[in-house]
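K.L.:
Below is one structure. I have some questions about it.
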Amino acid sequence: MFDGKDSPLTQTFGLGLFAEPSARDLDQLEAFFHHRGAQVLHEVSPLAGVELAAVLVKRGFRPIEFTSVMHSPVESVPVGGTARLAKPGEEFLVSSVAAAGWGANPELREFLLDLGMAAAAAEGSFAFLAELDGTPIATGALCCHGGVALFAGASTIPEARNQGAQRALLQARMRHAAEAGCDLAMMCAAPGSSSQRNAERQGFHIAYTRTKWML
């Protein structure tokens, strides 16, 4: 996928999961990104096998990121809490809160604002807000497809952390996923992070740890 040379979405996904990539495959992938002036990045599941990791090391790649990929059955949860589905017209509010929560430096802020606006408006994507005393303090996104609910975009502004916002967002999105007919939920988090611990408290379990490789 190419989403601009500096976008964190510019990378491959699922490399080696269904077939072992040949040297020619990897040459073509590297040429695809180099031609566009982008870094070559692969997100790799350990299910692809240790042999692929050895091939990547031999080609000059190194691991730069680990991510816990987590899953949970979708279960209806009681109505309550301080999180809600964002209303039409609140797309900029959602993206602004998300950018503030991620602590974006000025160079990334515009990208994150644009990304948040696009995610909030995308078909099958739903944006959620958590509030404290009526003020939005956190955001989360939900994408539903084929019975799978992807929880993403969790972000809380620094001064409002550790006050239950992400728990409320997880519960609100789980409820919406159940209403949408999904039966499997998934999300990603940094290993050992507060996001992972919040998810585990809400019934998520680690499926595997994904590695991002950079040439």
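The values are calculated or read from the model by the stated rules, or taken from the named source; none is laboratory data. All values reported here derive from a predicted model rather than from experimental measurement. Using ideal geometry, Cβ is built from the backbone for each residue, glycine included, and neighbour counts are taken over all protein chains shown. For the accessible areas, the whole protein counts, side chains as well, though only heavy atoms, and no ligand, DNA or RNA atoms are used. Shrake-Rupley method; radii C 1.70, N 1.55, O 1.52, S 1.80 Å.
K.L.:
Please enumerate the residues belonging to segment 203-213 that are crowded, with 19+ Cβ neighbours inside 10 Å and modelled with pLDDT under 95.
P.N.:
Scanning segment 203-213 gives no hits.
K.L.:
Go through segment 142-153 and give me each residue that's in contact with a Leu (Cβ under 8 Å, 6 or more places away or on another chain) and either closer than 17 Å to G164 by Cα or assigned to a strand (DSSP E or B) (or both).
P.N.:
L142, C143, C144, V148, A149, L150, F151, A152
K.L.:
For segment 27-69, which residues satisfy the criterion of being of a type in the set (D, E) and free of Cβ contacts under 8 Å to residues at least 60 places away in the same chain? Break it down stepwise before answering.
P.N.:
As a first pass, look at segment 27-69 and keep what is of a type in the set (D, E): 27, 30, 43, 51, 65.
Passing the criteria: D27, E51.
K.L.:
Inspect segment 184-193 for any residue being closer than 18 Å to T82 by Cα, in contact with a Phe, Trp or Tyr (Cβ under 7 Å, 6 or more places away or on another chain) and among the hydrophobic types (A, V, I, L, M, F, W, C) and give the result as yes or no. Walk me through it before giving the result.
P.N.:
Residues of segment 184-193 that are closer than 18 Å to T82 by Cα, as a first pass: none.
No.
K.L.:
Right, next: Which of the residues spanning segment 17-30 are open to solvent by less than 90 Å² (accessible area, probe 1.4 Å) and either over 17 Å from V55 (Cα atoms) or under 26 Å from the mean Cα position of the chain (by Cα) (or both)? Walk me through it before giving the result.
P.N.:
Filtering segment 17-30 for residues open to solvent by less than 90 Å² (accessible area, probe 1.4 Å) gives 17, 19, 21-23, 25-27, 29-30.
Scanning segment 17-30 gives L17, A19, P21, L26, L29, E30.
K.L.:
Separate question: When the residues of segment 42-100 are filtered to those that are within 17 Å of A154 (Cβ to Cβ), assigned to a helix (DSSP H, G or I) and not small (G, A, S), which remaining residue is most open to solvent (accessible area, probe 1.4 Å)?
P.N.:
If we take residues in segment 42-100 being within 17 Å of A154 (Cβ to Cβ), assigned to a helix (DSSP H, G or I) and not small (G, A, S), then L93 is most open to solvent (accessible area, probe 1.4 Å).
K.L.:
Step by step: first the residues of segment 158-169, then only those that are over 14 Å from A127 (Cβ atoms) and in contact with a strand residue (DSSP E or B) (Cβ under 7 Å, 6 or more places away or on another chain), then the one that is surrounded by the most Cβ atoms within 10 Å (Cβ to Cβ). Which residue is that? Full working, then the answer.
P.N.:
Within segment 158-169, the first condition is being over 14 Å from A127 (Cβ atoms), and the residues that meet it are 158-168.
Restricting the remaining residues to those that are in contact with a strand residue (DSSP E or B) (Cβ under 7 Å, 6 or more places away or on another chain) gives 160, 163, 165-166, 168.
Values: A160: 19, Q163: 15, A165: 28, Q166: 25, A168: 22.
Checked segment 158-169; the qualifying residue surrounded by the most Cβ atoms within 10 Å (Cβ to Cβ) is A165.
K.L.:
Still on this structure, I have one more. Could you tell me whether C143 is farther than 19 Å from A100 by Cβ, in contact with a Ser or Thr (Cβ under 6 Å, 6 or more places away or on another chain) and open to solvent by 10 Å² or more (accessible area, probe 1.4 Å)? Reasoning before the result, please.
P.N.:
Details: farther than 19 Å from A100 by Cβ: yes; in contact with a Ser or Thr (Cβ under 6 Å, 6 or more places away or on another chain): yes; open to solvent by 10 Å² or more (accessible area, probe 1.4 Å): yes.
Here the answer is yes, as C143 does meet what is asked.
K.L.:
Still on this structure: Of all the residues that make up segment 102-118, how many are exposed (fewer than 13 other Cβ atoms within 10 Å of the Cβ) and either among the β-branched types (V, I, T) or at pLDDT below 75 (or both)?
P.N.:
4
K.L.:
Also, I was wondering about something else. Is there a residue being in a strand (DSSP E or B) and β-branched (V, I, T) anywhere in segment 124-138?
P.N.:
Within segment 124-138, the first condition is being in a strand (DSSP E or B), and the residues that meet it are 125-132, 135-138.
Those still in the list that are β-branched (V, I, T) too: 135, 137.
Yes, segment 124-138 has at least one match.
K.L.:
Same structure, new question: Out of the residues in segment 170-192 meeting the condition of being open to solvent by less than 30 Å² (accessible area, probe 1.4 Å) and not basic (K, R), tell me which one is farthest from G103 (Cα to Cα).
P.N.:
C182
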